[in-house]
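The values are calculated or read from the model by the stated rules, or taken from the named source; none is laboratory data. Quick caveat: nothing in here was measured; it's all calculated off a predicted structure. Reconstructed Cβ throughout: ideal geometry from the backbone, glycine too, with neighbour counts over all protein chains shown.
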Amino acid sequence: MPTPALNANDNAAFNSVIALAANNVYAVGFKPATNGAVLTLIEHWNGTAWSVVSSPNGNNTGNVLTSISANSPTDIWAVGDLTAPGIEVRTLALHFNGSTWSVAPTPNVVHGGNLTQNVLTSVVAAGPNDVTAVGFTLANFTELTMVQHWDGVSWKVVPSPNVSGTAGSFNTLRGVTAVNRSDLYAVGFFSNSSTGGQQLRMVLHFDGTAWSIVPSPAKGAAQQLNGAFARLGAGDVWVAGAASVPGTDPESGFLQTPITFVLFTSGG
């Protein structure tokens, strides 16, 4: 489908899309500015054409949206992260109230220089006062899961488990979905010294009270889970990602010759 022409001198991309109706679709990502900055990008499909809609930014240097979810056409959330020279990567959340998009303050767990990160990778809306975003924090060469919750008033960090919290361990969340308000799944992958550097799938479950790690089947020597989907009010959960028979490349950290990897559970 044709989309509006953006600045051709740099990169632009969509990272997530949501369809609220045949004539009401949003896609989010990032676009370049003429001064070299990276800005939020939100485009809307009205049933006939895509158009860029005005969207705010958390700073004037680096703004990326990674995920979008909605309670209704007048209650939409998008999340991502902010980058700026000399400070940590910070979380970013935008809200649409039916007429305008605005930045909603979000907490940052870790602080420091450019090597410290607070990143939101995925968001799911289960009600006007019940929105969950997931991602990770990175500090002291250790990456830990991060979950934030919107209660209708503010965003707050909620406790989330990690396979390992030892120095050098790697725990990241890439996707989140909701079966209902007390039945959520978040997915990603982890690695540490005990895995020999292999990235292994990780599935977290929220039972209405707390998040916990739940078992999941493996494929190959290494796996990454990147997205999850459940239709709100239904029980089936789909998780998609990649697996590798030879495993994780020790130099790049990427899966070697990855193949598709899908998990399914019926009834949540």
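Below, the figures for the structure above:
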quantity	calculated
Count of residues meeting criterion [hydrophobic (A, V, I, L, M, F, W, C), touching a Phe, Trp or Tyr at 6+ places or on another chain (Cβ under 8 Å) and either assigned to a strand (DSSP E or B) or touching a residue at least 40 places away in the same chain (Cβ under 8 Å) (or both)] in the stretch 139-174	8
Test: Thr91 is among the hydroxyl-bearing types (Ser, Thr, Tyr), buried (at least 21 other Cβ atoms within 10 Å of the Cβ) and closer than 24 Å to Thr137 by Cα	yes
Residue that is out of contact with any Asp or Glu (no Cβ under 8 Å at 6 or more places or on another chain), at pLDDT 95 or above and surrounded by 15 or more Cβ atoms within 10 Å (Cβ to Cβ), where the choices are Gln256, Gln199	Gln199
Residue check for Ala70: surrounded by fewer than 22 Cβ atoms within 10 Å (Cβ to Cβ), under 18 Å from the mean Cα position of the chain (by Cα) and either assigned to a strand (DSSP E or B) or free of Cβ contacts under 8 Å to residues at least 24 places away in the same chain (or both)	yes
The stretch 94-117, subset not hydrophobic (A, V, I, L, M, F, W, C) and not in a loop (DSSP other than H, G, I, E, B), residue surrounded by the fewest Cβ atoms within 10 Å (Cβ to Cβ)	Ser102
Verdict on Asp183 being at pLDDT 95 or above, surrounded by 13 or more Cβ atoms within 10 Å (Cβ to Cβ) and among the acidic types (Asp, Glu)	yes
